[in-house]
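The values are calculated or read from the model by the stated rules, or taken from the named source; none is laboratory data. Treat the numbers as computed from the prediction; the structure is a model and nothing was measured. Methodologically, a virtual Cβ is constructed for each residue, glycine included, from the backbone with ideal geometry; neighbour enumeration extends over all protein chains shown.
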């Protein structure tokens, strides 16, 4: 299974019936595809609505996702302004957000919005999402393209938010951050503990229920 | 002319074409009746709408003024929640408010919401209105029922807001507060400067354009 | 997901010592069925948070009259002499908050904000015990968030998912309190199917609403 | 009162050095006719305040490309490489503000509030130069009000009085910026008579809107 699909499938398991969920761009948007049919979630889009669905038929005026791309509105959707959108986000009304990451560290700090001197796109809504969502899941590949670890003792890129990450899902492993400690919960099928150690700079402990990731093919 | 009508007629002259106006309970609600036909104002009601009009026909569900009394909605009215209602009020989007007063002093302080040990109704929206409206007109009888002055050197009742009153209209006189100074602008028909002085505790100066109040009968 | 529940499920939600945010302005927009259910529940030591205590038999007045409310946080009690009498007798605690400040504090509580700076109340008794900050030469009071255990809401219409639409000035506090409570219960006059409310016309999104109950004919 | 004006009245409203609040999110909900009018006006040294600089030819992108914008206060510039290039070249000042903070600051500017405490940005570069306050054991940044000389708004529909209705996610920043500018201009797709918009459905009250102009077919 391709790394991204594996990650998306595993993240999907974190989405529970009735959850209000905000998905970052890129990999996170793949997650709903892998939801069990008996789990119904509501997708929040930070440009101002709840009830985002896939585009079906012709694009409708104003019905776009936070990337400005035409999408669908499911029955029961609700539109609002940006003030309400971020009141929902910051106020803990979003149960879970899934975002990509550049770096995460063992204290639950996340860096995903800029690389000084290289890439300064702006934080958009990411800082609010990470500060406000009840559960913050970072979905990313375990290492950079150059093979450098992304899960660090201490992020060296500018932070998006401090100590707010609840879970990290990569193609190698699942970590949680519990009481300020990084905990290895699962390794991916066929991945050894040693492989995870070799690709991870951060200190971590093994969960009591440490086990192998279970994802349907 | 009865004192209240005189006051209401004079206050009506302060309402200009296009103004957004909030009227307190009691005497202030008489003001619109005395508007010239070529002056159109919009009445804001702090329970959440713009475009209040007189009740015509049967009461409609939810169409009530801030006292809970059925009223009308004029064409072009807009309904909103209490958050927006007070954002409008505090944010300077109300051009003028007319309120009753218990006391006003020469620094533009107003007391109109409680008499310790006697009457503690609560400030409702009055503090926000007086803090936020562009122009605050106090419409009241010049003296208490016991003949005590209400326009004082310094209010001794708990304040509604500090230094926010722009104008005082009574059955004897019109004062403005300019740069922290109380200025007598007009005396009512048949009222002498001496009568005003005798009924006013505050220090005041005469306006350059000091003149007699002009109100149609 | 169907959030419509029977009245029999409502009573057991109320417990002694709870804080309750209520919608309404002089009783208009107050969910009278939910107030009656609170009354019947006999839950005591309640803290009621909303605009006003209306009159003895309207709005939340019955909960003041019954003695169930031990504290109210409101902008106005003048229209309900019962509240004033009980306050003077020491039977109810009354925290008076300017209306615009009250709604901002509730919004903070529901929006993840730590507080807001308002000019309202500067130089009055309202500033007692509060932090005062000067921004661009003007003084402001730091007003802190308010939340409650339960919000009771009145709406005109709900769909089965819990999207709400209000009618006229009965909207008032309702959409804001929906954000600031752990459990949000809406009493509505009409229930429609999911999809029947245009998404642009939803005034409170279903995500904020936990339970919906249909008003009894009163 | 009829607030509908001709396009010829719009250009002269724009002057060098003005600050402009604009609606829209990735260009959706941005009044493109008003952006074109700003472009044609050749007004320079503009400060643009809104969610993002979209792309070089969408949203407010043309005003970045033309060099008329000397400063932008936005949450995101990543989709418009022109903004990034000009920033690096020192040709435009870019003030990046978290989206939720940006909209709160604009709301403060329009609501008479002196600021708001938000947890967003605590422990990041966003906190630089800001007052930090602790409320109930949690740290917050004090974020200050933002206003502008002019707000340019896109709505679906207006009545002649200036009441506005937005369509779908094109609503975004528009209703909030309507509160925070000295002059508010709305570009709309449709004008209806006063009374044709149900008062419950008005999303921006006419009291906030100064001028309304009908979109040209683009």
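Which members of segment B:137-161 meet the condition of being within 16 Å of residue B:26 (Cα to Cα) and outside any loop (DSSP other than H, G, I, E, B)?
B:137, B:138, B:139
Please determine whether any residue of segment B:115-125 is facing chain C (nearest Cβ under 9 Å) and part of a strand (DSSP E or B).
yes
Among the numbered criteria (1) buried (at least 16 other Cβ atoms within 10 Å of the Cβ); (2) at pLDDT below 95; (3) within 11 Å of another protein chain (Cβ to nearest Cβ), which single criterion is violated by residue B:27?
The single condition residue B:27 does not satisfy is (3).
Against the condition away from chain B (no Cβ under 11 Å), in contact with a strand residue (DSSP E or B) (Cβ under 7 Å, 6 or more places away or on another chain) and at pLDDT 95 or above, how does residue C:133 come out, does it pass?
Details: away from chain B (no Cβ under 11 Å): yes; in contact with a strand residue (DSSP E or B) (Cβ under 7 Å, 6 or more places away or on another chain): yes; at pLDDT 95 or above: yes.
The answer is yes for residue C:133.
How about segment C:146-187: which of its residues are in a strand (DSSP E or B), within 14 Å of chain B (Cβ to nearest Cβ) and crowded, with 24+ Cβ neighbours inside 10 Å? Walk me through it before giving the result.
Kept after step one, since they are in a strand (DSSP E or B), are these residues of segment C:146-187: C:148-159, C:164-165, C:181-187.
If we keep only those that are within 14 Å of chain B (Cβ to nearest Cβ) too, we end up with C:151, C:153-157, C:164-165.
Hits for segment C:146-187 are C:151, C:153, C:154, C:155, C:164.
Look through C:35, C:64, C:72 and report the one residue that is assigned to a strand (DSSP E or B) and crowded, with 21+ Cβ neighbours inside 10 Å.
Working: C:35 fails: assigned to a strand (DSSP E or B); C:64 fails: assigned to a strand (DSSP E or B).
The unique qualifying residue is C:72.
From the list A:211, A:142, which residue is without any contact (Cβ under 8 Å) to a residue 60 or more places away in the chain and buried (at least 22 other Cβ atoms within 10 Å of the Cβ)? Lay out the reasoning, then the answer.
Working: A:211 fails: buried (at least 22 other Cβ atoms within 10 Å of the Cβ).
The conditions single out A:142.
Could you run through segment D:188-209 and say how many residues are assigned to a strand (DSSP E or B) and either surrounded by fewer than 24 Cβ atoms within 10 Å (Cβ to Cβ) or at the interface with another protein chain (Cβ under 9 Å from one of its Cβ atoms) (or both)? Don't jump to the end; show me each part of the working.
Within segment D:188-209, the first condition is being assigned to a strand (DSSP E or B), and the residues that meet it are D:188-192, D:204.
Next, only the ones that are either surrounded by fewer than 24 Cβ atoms within 10 Å (Cβ to Cβ) or at the interface with another protein chain (Cβ under 9 Å from one of its Cβ atoms) (or both) stay: D:189-192, D:204.
Residues meeting the conditions: 5.
Residues checked against (1) over 30 Å from residue D:205 (Cα atoms); (2) touching a residue at least 12 places away in the same chain (Cβ under 8 Å); (3) in contact with a helix residue (DSSP H, G or I) (Cβ under 8 Å, 6 or more places away or on another chain):
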| position | (1), (2), (3) |
| --- | --- |
| B:131 | no, yes, yes |
| B:134 | no, yes, no |
| B:150 | yes, yes, no |
| B:177 | yes, yes, no |
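Being within 10 Å of another protein chain (Cβ to nearest Cβ), touching a strand residue (DSSP E or B) at 6+ places or on another chain (Cβ under 6 Å) and either touching a residue at least 12 places away in the same chain (Cβ under 8 Å) or under 24 Å from residue D:202 (Cβ atoms) (or both), is that true of even one residue in segment B:34-43?
In the first step, residues of segment B:34-43 are kept if they are within 10 Å of another protein chain (Cβ to nearest Cβ); the result is B:40, B:42.
If we keep only those that are touching a strand residue (DSSP E or B) at 6+ places or on another chain (Cβ under 6 Å) too, we end up with B:42.
In the following step, the residues that additionally are either touching a residue at least 12 places away in the same chain (Cβ under 8 Å) or under 24 Å from residue D:202 (Cβ atoms) (or both) were identified as B:42.
Yes: segment B:34-43 contains one or more residues that are within 10 Å of another protein chain (Cβ to nearest Cβ), touching a strand residue (DSSP E or B) at 6+ places or on another chain (Cβ under 6 Å) and either touching a residue at least 12 places away in the same chain (Cβ under 8 Å) or under 24 Å from residue D:202 (Cβ atoms) (or both).
Mind listing just one residue for me: the one in segment C:10-32 that is under 22 Å from residue C:109 (Cα atoms) and within 13 Å of chain B (Cβ to nearest Cβ) and, of those, surrounded by the most Cβ atoms within 10 Å (Cβ to Cβ)?
Here the residue is C:25.
For segment B:1-20, give me each residue that is within 12 Å of residue B:96 (Cα to Cα) and touching a helix residue (DSSP H, G or I) at 6+ places or on another chain (Cβ under 8 Å).
Hits for segment B:1-20 are B:11, B:12, B:15, B:20.
Does residue B:110 satisfy being closer than 17 Å to residue B:162 by Cα and at pLDDT 95 or above?
When the stated conditions are applied, residue B:110 passes them.
Just to be sure before I move on: is residue C:55 at the interface with another protein chain (Cβ under 9 Å from one of its Cβ atoms) and part of a loop (DSSP other than H, G, I, E, B) in the structure I sent?
Values: at the interface with another protein chain (Cβ under 9 Å from one of its Cβ atoms): yes; part of a loop (DSSP other than H, G, I, E, B): yes.
The answer is yes for residue C:55.
Name the residue, out of A:196, A:130, A:165, A:183, that is within 17 Å of the chain's Cα centre (by Cα) and outside any loop (DSSP other than H, G, I, E, B).
A:130
Is one or more of the residues making up segment C:51-58 in contact with a strand residue (DSSP E or B) (Cβ under 7 Å, 6 or more places away or on another chain), buried (at least 17 other Cβ atoms within 10 Å of the Cβ) and over 25 Å from residue C:120 (Cα atoms)? I'd like the intermediate steps shown before the answer.
Going through segment C:51-58, the residues in contact with a strand residue (DSSP E or B) (Cβ under 7 Å, 6 or more places away or on another chain) turn out to be C:51-53.
Next cut, buried (at least 17 other Cβ atoms within 10 Å of the Cβ) only: C:51-53.
From the residues that got through so far, the ones that are over 25 Å from residue C:120 (Cα atoms) too are none.
Looking for residues that are in contact with a strand residue (DSSP E or B) (Cβ under 7 Å, 6 or more places away or on another chain), buried (at least 17 other Cβ atoms within 10 Å of the Cβ) and over 25 Å from residue C:120 (Cα atoms), one finds none in segment C:51-58, hence no.
Could you please find all residues in segment B:47-100 being assigned to a strand (DSSP E or B) and either facing chain C (nearest Cβ under 9 Å) or within 16 Å of residue D:179 (Cβ to Cβ) (or both)?
Taking segment B:47-100 and keeping what is assigned to a strand (DSSP E or B), we get B:49-53, B:64, B:70, B:72-79, B:96-99.
Within segment B:47-100, B:49, B:50, B:64, B:73, B:78, B:79 qualify.
Does residue B:99 qualify as being within 25 Å of residue C:53 (Cβ to Cβ) and touching a strand residue (DSSP E or B) at 6+ places or on another chain (Cβ under 7 Å)? Working first, answer last.
Values: within 25 Å of residue C:53 (Cβ to Cβ): yes; touching a strand residue (DSSP E or B) at 6+ places or on another chain (Cβ under 7 Å): yes.
It is true that residue B:99 is within 25 Å of residue C:53 (Cβ to Cβ) and touching a strand residue (DSSP E or B) at 6+ places or on another chain (Cβ under 7 Å).
Given (1) in contact with a helix residue (DSSP H, G or I) (Cβ under 7 Å, 6 or more places away or on another chain); (2) buried (at least 24 other Cβ atoms within 10 Å of the Cβ), identify the lone condition not met by residue A:83.
Unmet for residue A:83, out of (1) in contact with a helix residue (DSSP H, G or I) (Cβ under 7 Å, 6 or more places away or on another chain); (2) buried (at least 24 other Cβ atoms within 10 Å of the Cβ): (2).
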